[in-house]
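The values are calculated or read from the model by the stated rules, or taken from the named source; none is laboratory data. Please read these numbers as outputs of a predicted model, since none were measured by experiment. No Cβ is skipped: glycine too gets one built from the backbone with ideal geometry, and neighbour counts run over all protein chains shown. These area figures cover heavy atoms from the full protein model, side chains too; ligands, DNA and RNA do not enter into them. Shrake-Rupley method; radii C 1.70, N 1.55, O 1.52, S 1.80 Å.
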Amino acid sequence: MNVVDPARVEAVDPARMRRAMGHFTTGVAIVTASIGGQAHGMTVNSLTSVALDPPLLLVCLTAGARTTTAVEASGRFAISILSNRQERLAARFARRGAEHFEGLPLAYGELGTPVVPDALAQLECAVENPVPAGDHLVVIGRVLRAEFREGEPLGFFGGRFCTVTDRPGSPPDWFC
Ligand SMILES: Cc1cc2nc3c(=O)[nH]c(=O)nc-3n(C[C@H](O)[C@H](O)[C@H](O)COP(=O)(O)O)c2cc1C
């Protein structure tokens, strides 16, 4: 088999990377943090559960974005997992440079982090381990509080928001 030398392979450009990864269907969440009494937030789909014991998750945040700076400086952040009724909020918090919270009622979790009301789940976290990775910062957070409710999730596929349909029935017995 002909193996290509990685050093001689042309780099995958950002647009191609985005299109390829767009085939991976995800949910949609908003990361929030506050600094100096100012709340910041951004839409993310890089959210991943990392460990159950201790409870850890990660998000990849654009280096230097306002929310990223607030997360790093405060050491605290919240994740609000959006329902399919919150698409407009997802679009609003994805607009670069916009005042995302302007005109929105602010809500705070028990630990004082700003959260998105009526989200399917709200997880308040302490920053455990920020790792620079290219133009992003991988932020591992220790989950200090986790609330959730019933509802339909908002999905993201192929660069668009989508509906995730459920299959009726109980979870398979291998899922424990
Ligand atoms: C569905 C979706 C998922 C996104 N996921 C991420 C993400 O995981 N990390 C990230 O840094 N930006 C992500 N973005 C882009 C940010 O939401 C956007 O750049 C945000 O407005 C940055 O905030 P700023 O104005 O403070 O720079 C995503 C956007 C969309 C629409």
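Where strands (runs of 3 or more DSSP E) fall wholly inside region 63-176, the ranges with 3 or more residues that are of a type in the set (Gly, Ala, Ser) are 121-133. I'm told Arg85 meets every condition in (1) open to solvent by 40 Å² or more (accessible area, probe 1.4 Å); (2) in contact with a strand residue (DSSP E or B) (Cβ under 7 Å, 6 or more places away or on another chain) except one. Can you identify the failing condition by its number? Of the numbered conditions (1) open to solvent by 40 Å² or more (accessible area, probe 1.4 Å); (2) in contact with a strand residue (DSSP E or B) (Cβ under 7 Å, 6 or more places away or on another chain), the odd one out for Arg85 is (2). Every residue in region 47-61 that is open to solvent by 30 Å² or more (accessible area, probe 1.4 Å) and in contact with a Leu (Cβ under 8 Å, 6 or more places away or on another chain), please. Scanning region 47-61 gives Leu47, Thr48, Ser49, Val50, Leu58, Cys60.
Taking the criterion of being within 16 Å of the ligand (Cβ to nearest atom), aromatic (Phe, Trp, Tyr) and either open to solvent by less than 30 Å² (accessible area, probe 1.4 Å) or modelled with pLDDT under 95 (or both), no residue of region 118-176 qualifies.
Given the structure, is Ala91 touching a strand residue (DSSP E or B) at 6+ places or on another chain (Cβ under 9 Å), modelled with pLDDT of 95 or more and surrounded by fewer than 16 Cβ atoms within 10 Å (Cβ to Cβ)? Criteria met by Ala91.
State whether the residues of region 113-125 include one that is β-branched (Val, Ile, Thr) and farther than 14 Å from Gly41 by Cα.
Here is the first cut: in region 113-125, the ones β-branched (Val, Ile, Thr) are 113, 115-116.
When the remaining residues are screened for being farther than 14 Å from Gly41 by Cα, the result is none.
No: region 113-125 contains no residue that is β-branched (Val, Ile, Thr) and farther than 14 Å from Gly41 by Cα.
Within region 64-82, which residues are touching a residue at least 24 places away in the same chain (Cβ under 8 Å) and open to solvent by 60 Å² or more (accessible area, probe 1.4 Å)? If the condition is that a residue be touching a residue at least 24 places away in the same chain (Cβ under 8 Å) and open to solvent by 60 Å² or more (accessible area, probe 1.4 Å), then Arg66, Thr69, Glu72, Ala73, Arg76 are the ones that fit.
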